[in-house]
Amino acid sequence: MKTQKNLKAIVAAGGSGGHIMPALSIAKSLQKSGVEILYVGNKNSMEENIISTTDISFKEIDVQKFYRKFTFAHIKFPWKILKSMSDSMAIIKKFKPDFFVGTGGFVSGPVGYAAHLKKIPIFIQEQNSFPGVTSKILGKYAVNIFCGNEKAKDFFQTHKVIISGNPVNMSVISETEEIDYNSYGLDKKSKKILLLGGSQGSLALNNFLLPIIDELLDNNIQIIWQTGQRHLSEINKKVNGKKGVFTFDFTKSIGKIYNSIDLVIARAGAISLAEFEIKKIPSILIPLPTAAENHQFFNAQSLVIKNVALMAEQKDLTSDLLLNKILLCMNNLDYYIGNFKESNHLGASKLISETILRSIKKNETTN
């Protein structure tokens, strides 16, 4: 029987930071317990770029997302899914993992199903209130399904579900410093909002904010604005060096920015919401209308119910309405901040890793 010190695990997730960061957080927690980790992801992908900066080994497969609308890329899908399954089986045969952890995204599907065929225990972590297709499929074979949002439990076998919270990037959460306000061209004493458009940026969010910049500045509300790389140059031309507005496309200082703002305007990705909860930052949430099964709407709703956020659907939003919501939040910050409770997201990675290891130890003992 293997000891805990030489257990091995395959972790797989990809497609977006919302899947990758929980996988990395769980992997790091398992590493601390002596588990050897192999991360499997798509080649030339975001997950490969992120994992390459860590001490975790990475193996690539070539799998294609199944698009919800017709595209000629679907012609390659059957071949790629079979090839990725074959490659996953080969990786498992060579690495000999004791268990598999998947946190979603299309890349975790073939790896997880290959683990099931090899009779390797499967553990799933689902971030959203409405689970993705991969989680629903692998959940049928999972030992446990760790849900970040309580609403998600309705889609799985109840006895498998553990409400764990969502694993987050602890380097962001543990950051204690604020930004250097002078280098950002901002006044420390002013109120500040962060528009978080994501690394790709959000054209819709940018367009809602642009017309009300002057009114925000007149109300002593300064702006930290993640425009996205594609939109940075255009936004900078329109902002035209206004004092009290800082624009950027990507930053490694998001933890410091969180510590320096009063309010965030964002989409409703599950991991971002978990970070807002832990850092106790009130938010105005505008769910991505094209998100699968409208899951961002339900993610946002979970914070609205807790009275720590306001929500506006993109189809109903105008710049004037956004301005009104910003001013409402700014005038009632103490109320919103006071409604935050201790977040279960903070200990999610530890809870998940400890639960998995207890399950594996119990299984080895009984066998």
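Does the stretch 265-284 contain at least one residue that is within 19 Å of I221 (Cβ to Cβ) and aromatic (F, W, Y)?
Taking every residue of the stretch 265-284 in turn, at least one turns out to be within 19 Å of I221 (Cβ to Cβ) and aromatic (F, W, Y).
Out of the residues in the stretch 268-320 meeting the condition of being closer than 23 Å to D334 by Cα and among the small types (G, A, S), tell me which one is nearest to the chain's Cα centre (by Cα).
S272
Looking at L327, L346, L357, which one is more than 28 Å from I124 (Cβ to Cβ), aliphatic (A, V, I, L, M) and not in a strand (DSSP E or B)?
L327
Out of S45, S57, which single residue is touching a Phe, Trp or Tyr at 6+ places or on another chain (Cβ under 8 Å), at pLDDT 90 or above, more than 25 Å from S164 (Cα to Cα) and polar (S, T, N, Q)?
S57
Residues of the stretch 309-360 being touching a residue at least 40 places away in the same chain (Cβ under 8 Å) and among the polar types (S, T, N, Q), which ones?
Matches in the stretch 309-360: Q314, T318, S319, S343, N344, S349, S353, T355, S359.
Among the residues of the stretch 1-17, write down those that are surrounded by 24 or more Cβ atoms within 10 Å (Cβ to Cβ), of a type outside the set (V, I, T) and either at pLDDT below 95 or under 16 Å from P121 (Cβ atoms) (or both).
The answer is A9, A12, G14.
Determine, yes or no, whether G255 is crowded, with 23+ Cβ neighbours inside 10 Å and either in contact (Cβ under 8 Å) with a residue 12 or more places away in the chain or not aromatic (F, W, Y) (or both).
Judged against the criteria, G255 is not a match.
So which residues in the stretch 83-113 are over 23 Å from the mean Cα position of the chain (by Cα) and among the β-branched types (V, I, T), if there are any at all?
If the condition is that a residue be over 23 Å from the mean Cα position of the chain (by Cα) and among the β-branched types (V, I, T), then I91, I92 are the ones that fit.
Here are some residues: F298, F250. Which one is more than 27 Å from S171 (Cβ to Cβ), hydrophobic (A, V, I, L, M, F, W, C) and touching a Ser or Thr at 6+ places or on another chain (Cβ under 7 Å)?
The conditions single out F298.
The values are calculated or read from the model by the stated rules, or taken from the named source; none is laboratory data. All figures in this text were calculated on a predicted structure; none of them were measured in a lab. Don't worry about glycine lacking a Cβ; one is built from the backbone with ideal geometry, like all the others, and counts go over all protein chains shown.
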